[in-house]
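The values are calculated or read from the model by the stated rules, or taken from the named source; none is laboratory data. Predicted model, so just to flag it, every value in this text is computed and none were measured. All Cβ positions, even for glycine, are placed from backbone atoms using ideal geometry, and neighbour counts span all protein chains on display.
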Amino acid sequence: MTTASCRFAPADRPASTQVNLTLTAGLNRPLPETAELVRRSVVDTSHHVLGIMVTAVDIKVIDAHHPGT
């Protein structure tokens, strides 16, 4: 997986943040599963490392590839 862009923006709720990601993904697992893993990772890392409360993670997959290519 490769991230093409990542943007943090204020969300609808006070003191919360929305993240917009554009990425490529491997086909080693279903895309919805990959997207959910990425969402959880972004929320957890943003909170524990950056101290930011992320309430939404929007993901746009722009390319899919077979693992190792």
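Would you call residue 35 part of a strand (DSSP E or B) and either at pLDDT below 95 or acidic (Asp, Glu) (or both)? Break it down into steps so the answer makes sense when it comes.
Numbers: part of a strand (DSSP E or B): no; either at pLDDT below 95 or acidic (Asp, Glu) (or both): yes.
Criteria not met by residue 35.
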Pairs, first more than 12 Å from residue 6 (Cβ to Cβ) in the range 39-51, second not acidic (Asp, Glu), C-beta under 6 Å, six or more apart: 39/57; 43/54
Out of everything in the range 38-69 that is part of a strand (DSSP E or B) and small (Gly, Ala, Ser), what residue ends up being surrounded by the fewest Cβ atoms within 10 Å (Cβ to Cβ)? 64
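Looking at this structure, is residue 43 touching a helix residue (DSSP H, G or I) at 6+ places or on another chain (Cβ under 7 Å) and of a type in the set (Val, Ile, Thr)?
Values: touching a helix residue (DSSP H, G or I) at 6+ places or on another chain (Cβ under 7 Å): no; of a type in the set (Val, Ile, Thr): yes.
Spelling it out, it is not the case that residue 43 is touching a helix residue (DSSP H, G or I) at 6+ places or on another chain (Cβ under 7 Å) and of a type in the set (Val, Ile, Thr).
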